[in-house]
Amino acid sequence: PPGELSVEEAQDPFLVSIHIIADPGESQPLQEAIDKVLAWIHPDLQLFRVSERRASRRRRKPAKAAQPALAVVLFLQEEAGEEQILRLHRALQRPPWRHHHTERVPRRFLPYLPCSQDFFTLAPGTPLWAIRPVHYGRDIVRFTVYCRHDNYADILKFYELILRRGPSQRKTDFCIFPIFSNLDVDIQFSLKRLPCDQTPVPTDSSVLEFRVKDIGELVPLLPNPCSPISEGRWQTEDLDGNKILLQ
């Protein structure tokens with residue numbers, strides 16, 4: 001329950017992070033690309049770690065309409081100026097970034113960007129990225145997991161268990177868990193329920209990592225098998241098949 005959180009747990013900026021596994025020789029450019037983008041918000045946000053697999057993977061071509069299950073949305077203060085947000089938007093259009101797809105959004109959200117939300121990605125099997133201006137509050141880094149329509153309620157319970165807190169905002173198709181907040185930045189974890197006709201595809205080159213206390217007590221409560229991969233680190237999956245690392 002939210003009331004039981006210690007101050008440290010409530011204020012651990014690295015409670016949630018993402019581990020990306022790149023093909024040989026690609027980890028450095030991917031890590032640098034991510035670090036440069038996050039530096040627009042804060043220079044010390046080490047929320048992504050890129051390592052390399054031993055051999056390149058042969059990939060099946062994903063279905064054109066496939067929705068990757070994991071996204072990172074950066075909300076930037078409009079006070080910083082339209083030019084800064086547009087510069088970052090342009091940076092995401094240059095390699096190693098590539099455009100993934102565009103969603104239409106209400107005009108009021110992006111008055112000076114095109115009437116759409118562009119999503120970008122670095123490599124197959126890694127999260128989507130997007131930027132949005134915010135009118136008030138702080139800059140935000142938001143991790144989003146897209147859920148199957150029928151699994152949403154159970155996945156919400158799953159992440160409540162792991163995060164040891166409930167969402168601060170909750171709707172029938174969306175919720176936000178506060179992870180960390182200071183004067184400069186908010187870090188959030190959110191779940192988005194997809195329509196019945198859409199199926200999220202797990203990002204097979206990315207793993208969501210969570211710092212947890214009392215892992216021995218948590219493991220028996222999880223719906224899927226949990227296997228130790230090293231001292232103090234366990235791997236499991238949520239109900240949509242997204243890989244989760246607990247440490």
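Every read-out reported here was derived from the displayed coordinates using simple, explicitly stated rules and does not represent laboratory data. The shown structure was predicted, so the numbers you read here are calculated from the model rather than taken from an experiment. Cβ coordinates were reconstructed from backbone atoms using ideal geometry, including for glycine residues, and neighbour counts include every protein chain displayed.
Things to note:
- Rounded, prolate or oblate (a/c below 1.5 giving rounded, otherwise prolate when a/b exceeds b/c) for the chain by Cα gyration tensor: rounded
- Shown for the chain are no DSSP H helices, since none reaches 27 Å along its axis, judged by Cα atoms, with a mean Kyte-Doolittle hydropathy of at least 0.0.
- Mean Cα-pair separation over length for the chain, i.e. relative contact order, pairs under 8 Å, 6 or more apart, %: 22
- Restricting attention to the chain, close to 55% of DSSP beta bridges with both partner residues there are antiparallel.
- Positive-end extreme of charge dipole, the chain - chosen from G137, H89, S190 (charges on Cβ): H89
- Cα centre as origin, Lys/Arg/Asp/Glu Cβ charges: the chain dipole, Debye: 1020
- Cross-link check: pairs K157/K243; K36/K213; K36/K157 evaluated at a Cα-Cα cut-off of 24 Å; pairs beyond the cut-off: K36/K213; K36/K157.
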